[in-house]
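The structure under discussion appears below in the form of C-alpha cells.
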Amino acid sequence: MEITPQEESMIKALREAALPPLFVLIRIRNDISNDTVNVEESRRADVVQTLEKYIRPLWDDYHEGNSKAK
C-alpha cells in the first residue's frame, strides 16, 4: 500500500503531537472513512480495513488494562 504525501504529512504531525497510538489510529481511521472528496472509495475501504487490524489489539489491551485497574 502506497502512502500519499498528504497521508505522510498527517502521520508525521500526529507523531509530533505525541498522542497515544490508539487515539491516533482511531482518528486516522475515522478521518479516512469519512473523506469522500479526497480518498477514492476502494482505497478508503482498504485503508480502513488495514487500520482496524492495528486498532483491535490496542483496543483490547486498553480495555484489559482498565478492567485490571478497577
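The values are calculated or read from the model by the stated rules, or taken from the named source; none is laboratory data. All figures in this text were calculated on a predicted structure; none of them were measured in a lab. With ideal geometry, Cβ positions are generated from the backbone for all residues, glycine too; neighbour counts draw on all protein chains shown. Just the protein is used for accessible areas: all its heavy atoms, side chains included, with ligands, DNA and RNA removed. Shrake-Rupley method; radii C 1.70, N 1.55, O 1.52, S 1.80 Å.
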Residues of the range 14-40 satisfying the condition of being touching a residue at least 12 places away in the same chain (Cβ under 8 Å), in a helix (DSSP H, G or I) and polar (S, T, N, Q): 33
Residue match in the range 6-24 (condition: under 24 Å from residue 63 (Cα atoms), surrounded by 11 or more Cβ atoms within 10 Å (Cβ to Cβ) and modelled with pLDDT of 85 or more): no
Filtered residues of the range 53-70 (kept if over 17 Å from the mean Cα position of the chain (by Cα), open to solvent by 80 Å² or more (accessible area, probe 1.4 Å) and not basic (Lys, Arg)): 63, 64, 69
Leading residue by the ranking (least open to solvent (accessible area, probe 1.4 Å)) among those in the range 33-42 that are modelled with pLDDT of 85 or more and among the β-branched types (Val, Ile, Thr): 36
Some residue of the range 43-52 being surrounded by 14 or more Cβ atoms within 10 Å (Cβ to Cβ) and at pLDDT below 85: no
